[in-house]
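K.L.:
Here's a structure for you.
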Amino acid sequence: MLGTGNAFLPYGRYHSFAMIDGKHIIDCPPTAMASFRREGISLSDIETIFITHTHGDHVFGFPFFLLERRYISDREMQKPLTVVASEGVKEHLFHLCELAYPGSLEEIFATIKWRCEIEGSLPSGLTWKRFRVQHEEAVDPYGYHFNAQQKDSFVHSGDSGPCETLHDEILSSGMAILEMGLPEWVNSPYHHKPSDIESLAKKAENIPLIITHTFIDQPGINPVPTVTDIYPNHPANVRHAEDGLRLVFGPNGWTF
């Protein structure tokens, strides 16, 4: 978990951002470079970017990611990069790169392999299934189910309010990384609130739910919180992630 904060960047957190097996990332937020540098990760080691949707806190780090690879960590552009996303994301990200650095990223952008299949697999063996979630339609929102029907299956919600497609995928998985972007008093269908997490946790009582994209500051970081630095009293199968949390699948299932 390279970052666990929502768009408002609560104290102690970078934007929500996850890495799989040290070489695949889910989204590329504005704080992606800071996340990589903090963990000592070379950007040239990243092979795949899975895009959940095109809100700024999920993709505005993409031009900086390409800029660093092109001019620092992969100057010869020898390392292949695949982007897995829905139709239309390629055009959106190209426009974003042109706004950020006109003419500077065209060469490396042209080397990207784009994969828009709903279901697919990577040479590493990682498989994905992309499914629609409940978020603003203008940003083409999806979640991902990785390694579905395998022992190490897990779901990443992207940004989504409670919806049947997401919850059905979670109930058929071994673990879920789930956003909780809003406090209880905000009225919006596009994010989970603490009560939504509690309700889902009761249905998925044997499935670990890892909370990310949170509005809650890391406790104890700043004396005046952005909203709050107090975690809800989550059910036993819910873990509120902090930046740097590692999720490992082993003989006894998922540990963290």
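Values in this text are rule-based calculations from the coordinates and carry no lab data. Keep in mind that what you see is a predicted model, and the values were worked out from it rather than measured. Note that each Cβ is placed from the backbone with ideal geometry, even for glycine, and that neighbours are counted across all protein chains shown.
K.L.:
For segment 1-72, what is the Kirkwood hydrodynamic radius in Å, using each pair of distinct C-alpha atoms?
P.N.:
Kirkwood radius, segment 1-72: 12.0 Å.
K.L.:
From the phi angles alone, apply the Karplus equation (6.51, -1.76, 1.60; θ = phi - 60°) to segment 160-167 and give each ³J(HN,Hα) in whole Hz, x where the residue is Gly or Pro.
P.N.:
For segment 160-167, the Karplus curve yields 6, x, x, 7, 5, 4, 5, 5 Hz.
K.L.:
Convex hull over the alpha-carbon atoms of segment 206-256: what's its volume per residue in Å³?
P.N.:
87 Å³
K.L.:
Hey, another quick one. If you fit an axis through the alpha-carbon atoms of helix 89-100 and take the longest principal axis of the Cα set of the chain, what angle between them do you get, 0 to 90°, nearest 10?
P.N.:
It is inclined by approximately 70 degrees.
K.L.:
Now a separate question. Stokes-Einstein at 20 °C, 1.002 mPa s, Kirkwood radius from Cα pairs: D for segment 1-126 in µm² s⁻¹?
P.N.:
Taking Rh from Cα pairs, D becomes 146 µm²/s.
K.L.:
Another question about this same structure. What is the diffusion coefficient of segment 109-192 in µm²/s, taking the Kirkwood radius over Cα pairs and the Stokes-Einstein relation at 4 °C with a viscosity of 1.567 mPa s?
P.N.:
Stokes-Einstein gives a translational diffusion coefficient of 94 µm²/s.
K.L.:
Okay, next question. For Cα pairs less than 8 Å apart in space and 6+ apart in sequence, what is the mean separation divided by the residue count of segment 18-243, i.e. the relative contact order in percent?
P.N.:
12 percent
K.L.:
Enter the per residue convex hull volume of segment 18-243, computed from alpha-carbon coordinates, in Å³ rounded to the nearest integer.
P.N.:
133 Å³
K.L.:
So, one more: Calculate the all-directions average of the projected area of segment 72-152's alpha-carbon convex hull, and give it in nm².
P.N.:
7.1 nm²
K.L.:
Give K79/K129; K79/K113; K90/K113; K23/K113; K23/K129 a once-over and call out the pairs whose C-alpha atoms are over 21 Å from each other.
P.N.:
Exceeds cut-off: K79/K129.
K.L.:
While we're on this one: Name the chymotrypsin sites (Phe, Trp or Tyr not before Pro) in segment 177-252 that are in a loop by DSSP and that have at most 12 other C-beta atoms within 10 Å, would you?
P.N.:
Here the chymotrypsin sites (Phe, Trp or Tyr not before Pro) that fit, given the DSSP loop and packing criteria, are W185.
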